């Protein structure tokens, strides 16, 4: 499988929508010479409120689309799909590696606060499957983990209302029941790709000593190590190409995605595909 | 078509999710003896941020499912599908009648404030297609209409945070740009089935003289008139049966849907169907 030409294939990145562009951004920073191909399943988002069988089916169709384009590694940037469908996607992609965001996020949280109290902010489906809790406890049996579904924070990030009083009030309201339980987290894990946009508001709400853990950077480092191990790093000169695909709404993808990737996007930059 | 046995067929109600249960509730009040069959396309919600072609395709598949069960009238409870896909669904269902929520909502707004300034709160897709604006101006060429996409209000209703400071702050923020334009609406149209749940918060934010217009009641009256015209009213004794279907997540449908229909639902009350 690791014939030299495979080095030149892009890394595939899959997400339910635009949120995974925060992971793509970290991959570009860690691996600037790699070509990247991103697929956002915007026609069927959000995954976070759907059942396991639907999430697995949708994620598998998206993976097949990326496989058809030719990729050397798949990054599942969507927390919900990582939590619920990773095994199925690993089987589908073998022998090629598949990296989700949950395991790297758990690694980062345990490294930041060994034996600590961790709070995972995520979607309903990610919380329901307890993937972060299991991944953290596998790494650190002294850890304590609570998970909190925060669907409104997804909409806030999509609407672009990430700063100011409304974002802070919503975060406070989600955290209130924990304060009543006297659960004071040592780390807060941003367990949804939308949530890095709310990091400044979150930092204003929580105690200074709380570590805020974002999977994106750790996931990019795990991807880089995996490519190096498999001798699949692209050694081309100059920056890698970026190809963006979505299953619906190119203009909405460009408008909202620009906030996540940190640069202006035009609808003509997005290829629409049918799964 | 109007053979006597057709009277005993149920009314089909279609929505992208649970929001249309506010319309179903109004139908039950207006037509208590009718059987009702409801389909929420929860696997593919929200429709409000999707493209026209996706909305038409999804709505048509849902309609085919209800046609297969046998219905005598279709109510499109989803504002987005009513705004974007009504013509296609009317063609698919002919000669049977199809009633959307946009036209009845426009009728109610014009009746409440003739020659008035109307503000439509809706999803992105409903606003993009300008269906309410066109429907109001067809009825009243002295009217003035503005439309505002309020996606966060959908999430607020689903989360159940319909009362209190956060709901009011979000509504105020959406309305702020209109105040700066000195647009003071005589009526506010709840152009998304989720928004009746936010009516109390909205009433606290807007001026007392503003009429708040909800399509649900008017749509139910239009449906009743249509059945009477076609001699299709069910004359059975006792209350009609209610059948609920969804395309994903029966337990989430029951939990959130209960708030919309105004009674407790169990996951076992919901039949899952694949479109």
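Only the coordinates and a few stated rules stand behind these numbers; no lab work does. If you're wondering where the values come from, they're calculated on a predicted model, not measured in any experiment. A quick note on method: Cβ atoms are made from the backbone with ideal geometry, for glycine too, and the neighbour counts reach across all protein chains shown.
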*Ranked from highest to lowest mean number of other Cβ atoms within 10 Å per residue, what is the order of the peptides B:241-249, A:200-208?*
B:241-249, A:200-208
*So what is the diffusion coefficient of the range A:196-255 in µm² per second by Stokes-Einstein at 20 °C and 1.002 mPa s, using a Kirkwood Rh over Cα pairs?*
137
*Between residue A:204 and residue A:267, what is the spin-label point distance in nm, taking each point 7 Å from the Cα along the Cα→C-beta axis?*
3.4
_Using a label point 7 Å beyond Cα on the Cα-Cβ vector, give me the inter-copy distances for residue A:231 in nanometres, one decimal, shortest first._
8.4
*Angle, helix A:165-180 long axis vs. longest principal axis of chain A, Cα atoms, 0 to 90°, nearest 10?*
60
*How many Cβ atoms of partner chains, on average, are near each residue of A:231-240 if near means within 10 Å of its Cβ?*
0
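Counting partner chain Cβ atoms within 10 Å of every residue's Cβ in A:45-53, what's the average? Don't jump to the answer; show the numbers that get you there.
Values: counts 5, 4, 0, 0, 9, 8, 9, 0, 3.
Mean shielding by partner chains, rounded to a whole number: 4.
If N is the number of residues in the range A:167-275, what value comes out of its Cα radius of gyration divided by 2.2 N^0.38 Å?
On the way: Rg = 18.8 Å, N = 109, 2.2 N^0.38 = 13.1 Å.
Cα Rg divided by the expected 2.2 N^0.38 Å: 1.43.
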*Would you calculate the volume per residue, in Å³, of the smallest convex hull containing every Cα atom of the protein assembly as shown?*
159
_Between the range B:47-83 and the range A:181-221, what is the separation of their alpha carbon centroids in Å?_
40
*Could I have the simple spin-label model distance between residue A:179 and residue A:241, label points 7 Å from Cα toward Cβ, reported in nm to one decimal?*
5.2
_Label spacing, shortest first and in nm, from residue B:199 to its equivalents in the remaining copies (7 angstrom along Cα→Cβ)_ = 4.4
*Take chain B, connect every pair of alpha-carbon atoms lying under 10 Å apart with a spring to form a Gaussian network, then pick out the residue of B:105, B:19, B:240 with the largest mean-square fluctuation.*
B:240
*Sort A:84-93, A:31-40 for me by packing, meaning the mean count of neighbouring Cβ atoms within 10 Å per residue, highest on top.*
A:31-40, A:84-93
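If you take all C-alpha pairs in chain B, what percent of them are over 36 Å apart?
Values: 4118 of 37675 pairs.
In whole percent, the long-distance tail amounts to 11.
Whole-Å semi-axes of the range B:230-275's equivalent ellipsoid, largest first, each the root of 5 times a Cα gyration tensor eigenvalue? Provide the component values of the computation, followed by the final result.
On the way: eigenvalues 127, 42, 16 Å².
For the range B:230-275, the semi-axes come out at 25, 14, 9 Å.
Nearest 500 deg cm²/dmol is fine: what mean residue ellipticity at 222 nm does the protein assembly as shown get from its DSSP H runs of n ≥ 4 alone, each adding -39,500 (n - 2.57), divided by its residue count? Before the final figure, lay out each step's value.
Values: 22 runs with 256 residues, N = 550.
That calculation yields -14500 deg cm²/dmol at 222 nm.
Give the calculated FRET efficiency between residue B:112 and residue B:144 to the nearest 0.05, with a Förster radius of 22 Å applied to their Cβ-Cβ distance. List each step's numbers first, then the result.
Working: r = 14 Å, r/R0 = 0.65.
Result of the calculation: an efficiency of 0.95.
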*What are the nm distances, shortest first, from residue B:130 to its equivalents in the other copies, labels at 7 Å along Cα→Cβ?*
5.4
*Give the angle, between 0 and 90 degrees and rounded to the nearest 10, that separates the Cα long axis of helix A:52-69 from the longest principal axis of the Cα atoms of chain A.*
30
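How much length, in nm to one decimal, is gained on full extension between residue B:91 and residue B:233, taken as 0.36 nm per residue of separation minus their Cα-Cα distance? Working shown, then result.
Working: separation 142, 0.36 × 142 = 51.12 nm, distance 2.27 nm.
My answer for the length gained is 48.9 nm.
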*Could you please point out the chain A residue with its Cβ nearest to the axis of the rotation taking chain A onto chain B, and the distance in whole angstrom?*
A:155, 2
*Output the relative contact order of the range B:103-215, whole-number percent, from Cα pairs under 8 angstrom with separation of 6+ residues.*
35
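What's the FRET efficiency of residue A:225 with residue A:134 using the Cβ-Cβ distance as r and R₀ = 30 Å, to the nearest 0.05? Intermediate values should be presented prior to the final figure.
Details: r = 22 Å, r/R0 = 0.74.
The computed FRET efficiency comes out at 0.85.
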*What percent do you get for the relative contact order of chain A when only Cα pairs under 8 Å and 6+ apart count?*
27
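Can you pull the semi-axes for the range B:144-196, root of five times each eigenvalue of the Cα gyration tensor, sorted largest first, whole Å?
Details: eigenvalues 84, 34, 15 Å².
Calculated on Cα positions only, the semi-axes equal 21, 13, 9 Å.
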*Cα principal axis extents for the range A:63-124, largest first, Å*: 42, 24, 16
*What fraction, in whole percent, of alpha-carbon pairs in the range B:78-222 exceed 25 Å separation?*
24
*What FRET efficiency would be calculated for the residue pair residue A:163, residue B:64, taking the C-beta separation as r and a Förster radius of 51 Å, to the nearest 0.05?*
0.70
